[in-house]
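Peer 1: This is the structure, below, for whatever I ask next.
The values are calculated or read from the model by the stated rules, or taken from the named source; none is laboratory data. All figures in this text were calculated on a predicted structure; none of them were measured in a lab. With ideal geometry, Cβ positions are generated from the backbone for all residues, glycine too; neighbour counts draw on all protein chains shown. What goes into the accessible areas is simple: the full protein's heavy atoms, side chains included, and nothing from ligands, DNA or RNA. Shrake-Rupley method; radii C 1.70, N 1.55, O 1.52, S 1.80 Å.
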Amino acid sequence: PLSGACSLLLIRNGDSMILLYQVDTLPGFPALQAAMALHHYPYRLVQPSEYHMPLGQLALGEPCETPALPTAPFEKPMMVLCGLEGAEVSRFLDLLRSVGAPSIDLKAVLTPITQGWTSHQLYHELSQEHQYFQNRKGFGQ
């Protein structure tokens, strides 16, 4: 199990990690890669075989030690910002827009609560939230 201070450890050390899911085939991915490299944002392309690992473990760059059952890739791309807070999140998202990076609807910031979640859990939660807001948007609210 993870230490309860995993995401706080990233922040305290000034480290960050961007977890990316199913984005490498999107148009605009090279722009995303170039912007992250230029601005020193490390990232990890999370593979379906790693979806069972806690997000905090993925954020720390730890390898997958336990084999997972075969799983399909997520249908939609997802991004998890780890070790970024407040204005830094806004700056990062502004950077992505400015370079024409692909739009990713499912985004989250790693928190002490979500660091113990698996990618499956977060994807499910974000998908539900996204659908809820899409439905509200359709009703003009």
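Peer 1: Suppose all protein chains stay in the model; what accessible area per residue would a 1.4 Å probe give for the chain, in Å²? Intermediate values should be presented prior to the final figure.
Peer 2: Numbers: 8070 Å² over 141 residues.
On a per-residue basis, 57 Å².
Peer 1: Shifting gears a bit: In Å and whole numbers, how far do the C-alpha atoms of the chain stretch along each principal axis, longest first?
Peer 2: Principal-axis extents of the chain (Cα, largest first): 44, 34, 28 Å.
Peer 1: So which GluC sites (Glu not before Pro) in segment 44-76 end up in coil per DSSP with only 15 or fewer other C-beta atoms within 10 Å? Each step should come with its number before you reach the end.
Peer 2: Working: sites: Glu50, Glu65, Glu75; in loops: Glu65, Glu75.
Counting only loop positions with at most 15 other Cβ atoms within 10 Å, the GluC sites (Glu not before Pro) in segment 44-76 are Glu65, Glu75.
Peer 1: Would you mind checking segment 98-118 for residues with the amide N under 18 Å from a putative spin-label position 7 Å along Cα→C-beta of Glu129?
Peer 2: 103-118
Peer 1: Within segment 77-141, report the GluC sites (Glu not before Pro) that DSSP leaves as loop and that have at most 13 other Cβ atoms within 10 Å.
Peer 2: Numbers: sites: Glu85, Glu88, Glu125, Glu129; in loops: Glu85.
Answer by residue number: Glu85.
Peer 1: Return a whole-number percent for the relative contact order of segment 33-141, with Cα pairs under 8 Å and 6 or more residues apart as the contact set.
Peer 2: Values: 85 pairs, mean separation 36.6, N = 109.
Across segment 33-141, relative contact order equals 34 percent.
Peer 1: Ok, one more. Can you compute the helix-only [θ] at 222 nm over the chain? Use -39500 (n - 2.57) per DSSP H run of at least 4 residues, normalise by all residues, nearest 500 deg cm²/dmol.
Peer 2: On the way: 5 runs with 54 residues, N = 141.
So the helix-based figure for the chain works out to -11500 deg cm²/dmol.
Peer 1: Can you report the principal axis dimensions of segment 58-101 using only the alpha carbons, biggest first, rounded to whole angstrom?
Peer 2: Reported extents, whole Å, longest axis first: 38, 24, 14.
Peer 1: Here's something else I'd like to know. Could you look at segment 35-141 and say what percent of its accessible area is carbon and sulfur, using a 1.4 Å probe and all protein chains? Provide the component values of the computation, followed by the final result.
Peer 2: Numbers: 3520 of 6300 Å².
Using a 1.4 Å probe with all protein chains present, segment 35-141 comes out at 56 percent carbon and sulfur.
Peer 1: Which trypsin sites (Lys or Arg not before Pro) from segment 30-111 combine a DSSP loop assignment with at most 14 other Cβ atoms within 10 Å?
Peer 2: On the way: sites: Arg44, Arg91, Arg97, Lys107; in loops: none.
Answer in residue order: no site qualifies.
Peer 1: How big is the accessible area of Asp24 in square angstrom, nearest 10, if you roll a 1.4 angstrom probe over the protein chains?
Peer 2: Ignoring ligands and nucleic acids, Asp24 comes out at about 80 Å².
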